[in-house]
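Working notes, beginning with the structure itself.
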Amino acid sequence: MRPRDIVDLVLLAALWGGSFLFMRVAVPQFGALPLAALRVAGAALLLLTLLAARSGLGSMIRHWRPIALIGISNSALPFLGFSMAAMSIPAGLSSILNATSPMFGALIAMAWLREPSNVSRVAGLGIGFVGVVLLALDSTGMAVAPDGPGTGLAIGLCLVASLLYGFSACFARRYLAGVPPLAVAAGSQVSATLALALPAAWAWPTTAPSGGSWLAVLALALLCTGIAYVLYFRLIARVGPARAIAVTFLVPAFGMLWAGIFLGEAVTPTMLAVGAVILLGTGLATGMLQFPKPARRIG
């Protein structure tokens, strides 16, 4: 990877790590549904503008059916799940659970796309699962907001959201291969906006959110979603998906860093240790890491 690619990778990780901070800040005043809807609506406006400037609207329209499904499975439902979880669990914890997305993707790819498995990948799935269980047990009894879901439910929402990310990656590989990535990104945000618009209007807060919460929503929509998509797809085009997905290993570090600096969230040794276990399992499950092959005997 060239220095420019490494800069993009770190910047993308910083933006996606920041999304958990901004959700944690904005969700108490907006609620989960309006927050998720505003996030995708802002990203849709930005990405549609970029797509139109590149004369790419035709590709989005031609493939609208699979793109619409991706919008539901890769944006609307996961964003809603993480927004609901942000009402109860720390941003750093959510970012660690989000790192299981490639692990779920590898599992679905082996079951659905018939990708070959090996000892490293199977062991990685087992290690990642153990890490998630340990993290959930360590979070038992954590204080939660009165109107938020319980800790166990919040962790479950994060895992379901990560599972949906994994499914979406496999679905896109099967049904959207060759479609310009920016068309997929823009179209998916449009469909997610349409899916969440009416529920969000019904759940709109009766008390006007503060200016600081609105700034958090703008940052979440434009920086952590719109600009982040542009960076991600640019990385895929330059270095390929296998290297671009390495951003997953950096997101929890930034998620915990921003939450510690701006929210004063504690980063416990257990969170760090279990987070490392989950990342190890994810690396093995996705094939980015492998057990060393036994040395061949000569003679």
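Restricting attention to the stretch 36-43, does a residue exist that is modelled with pLDDT of 95 or more and out of contact with any helix residue (DSSP H, G or I) (no Cβ under 7 Å at 6 or more places or on another chain)?
no
Return yes or no: is Ile72 part of a helix (DSSP H, G or I), β-branched (Val, Ile, Thr) and either crowded, with 24+ Cβ neighbours inside 10 Å or at pLDDT below 95 (or both)?
Values: part of a helix (DSSP H, G or I): yes; β-branched (Val, Ile, Thr): yes; either crowded, with 24+ Cβ neighbours inside 10 Å or at pLDDT below 95 (or both): no.
So Ile72 fails the test.
So Gly156 clears everything in (1) in contact with a Pro (Cβ under 8 Å, 6 or more places away or on another chain); (2) surrounded by fewer than 24 Cβ atoms within 10 Å (Cβ to Cβ); (3) over 25 Å from Ala244 (Cβ atoms) except one condition, right? Which one?
Checking Gly156 against (1) in contact with a Pro (Cβ under 8 Å, 6 or more places away or on another chain); (2) surrounded by fewer than 24 Cβ atoms within 10 Å (Cβ to Cβ); (3) over 25 Å from Ala244 (Cβ atoms), the one that fails is (1).
If we keep just the residues of the stretch 188-221 that are among the aliphatic types (A, V, I, L, M) and assigned to a loop (DSSP other than H, G, I, E, B), which is surrounded by the most Cβ atoms within 10 Å (Cβ to Cβ)?
Taking the candidates together, the pick is Ala203.
Might you let me know whether the stretch 136-143 holds any residue that is modelled with pLDDT of 85 or more and either in a helix (DSSP H, G or I) or among the acidic types (Asp, Glu) (or both)?
From the stretch 136-143, those modelled with pLDDT of 85 or more are none; that's our starting set.
Within the stretch 136-143 (the criterion being modelled with pLDDT of 85 or more and either in a helix (DSSP H, G or I) or among the acidic types (Asp, Glu) (or both)), the answer is no, since none of the residues qualifies.
Scan the stretch 75-118 for residues that are in a helix (DSSP H, G or I) and touching a Cys at 6+ places or on another chain (Cβ under 7 Å) and jot them down.
Scanning the stretch 75-118 gives Gly81, Phe82, Ala85, Ser94, Leu97, Asn98, Gly105, Ile108, Ala109, Trp112.
Can you find a residue in the stretch 38-56 that is of a type in the set (Gly, Ala, Ser), touching a residue at least 24 places away in the same chain (Cβ under 8 Å), assigned to a helix (DSSP H, G or I) and buried (at least 24 other Cβ atoms within 10 Å of the Cβ)? It would help to see each step written out before you state the result.
Start the filter on the stretch 38-56 by keeping residues that are of a type in the set (Gly, Ala, Ser), which leaves 41-44, 52-53, 55-56.
Then keep just the ones that are touching a residue at least 24 places away in the same chain (Cβ under 8 Å); that gives 41-44, 56.
Still in the list and also assigned to a helix (DSSP H, G or I): 41-44.
With buried (at least 24 other Cβ atoms within 10 Å of the Cβ) added as a condition, the list becomes 43-44.
For the stretch 38-56, residues of a type in the set (Gly, Ala, Ser), touching a residue at least 24 places away in the same chain (Cβ under 8 Å), assigned to a helix (DSSP H, G or I) and buried (at least 24 other Cβ atoms within 10 Å of the Cβ): present.
Of the residues that sit in the stretch 259-288 and are part of a helix (DSSP H, G or I) and of a type in the set (S, T, N, Q), which one is farthest from Leu21 (Cα to Cα)? Show your work before the answer.
So in the stretch 259-288, the residues part of a helix (DSSP H, G or I) come out as 259-263, 269-286.
Applying the additional criterion that residues be of a type in the set (S, T, N, Q) yields 270, 282, 286.
Details: Thr270: 20, Thr282: 23, Thr286: 27 Å.
Here the residue is Thr286.
Among the residues of the stretch 161-187, write down those that are within 20 Å of Leu113 (Cα to Cα), of a type in the set (A, V, I, L, M) and either in a helix (DSSP H, G or I) or free of Cβ contacts under 8 Å to residues at least 24 places away in the same chain (or both).
Scanning the stretch 161-187 gives Leu163, Leu164, Ala169, Ala172, Ala177.
If we keep just the residues of the stretch 243-291 that are of a type in the set (S, T, N, Q) and touching a Ser or Thr at 6+ places or on another chain (Cβ under 9 Å), which is nearest to Asp5 (Cα to Cα)?
Here the residue is Thr248.
Restricting to the stretch 230-259, name every residue that is aromatic (Phe, Trp, Tyr) and at pLDDT below 85.
Passing the criteria: Phe233, Phe249.
Kindly indicate which of Leu35, Leu12 is in contact (Cβ under 8 Å) with a residue 60 or more places away in the chain, in a helix (DSSP H, G or I), under 16 Å from Phe233 (Cα atoms) and among the hydrophobic types (A, V, I, L, M, F, W, C).
None of the other options fit; the residue is Leu12.
Any idea which residue in the stretch 167-188 is nearest to Leu231 (Cα to Cα), counting only those that are small (Gly, Ala, Ser) and modelled with pLDDT of 90 or more? Outline the logic, then answer.
We begin by selecting, within the stretch 167-188, every residue small (Gly, Ala, Ser); these are 168-169, 172, 177-178, 183, 185-188.
From the residues that got through so far, the ones that are modelled with pLDDT of 90 or more too are 168, 183, 185-188.
Values: Ser168: 19, Ala183: 14, Ala185: 12, Ala186: 14, Gly187: 17, Ser188: 16 Å.
Per the criteria, the residue is Ala185.
The values are calculated or read from the model by the stated rules, or taken from the named source; none is laboratory data. Everything quoted here is computed from the prediction, not taken from an experiment. Reconstructed Cβ throughout: ideal geometry from the backbone, glycine too, with neighbour counts over all protein chains shown.
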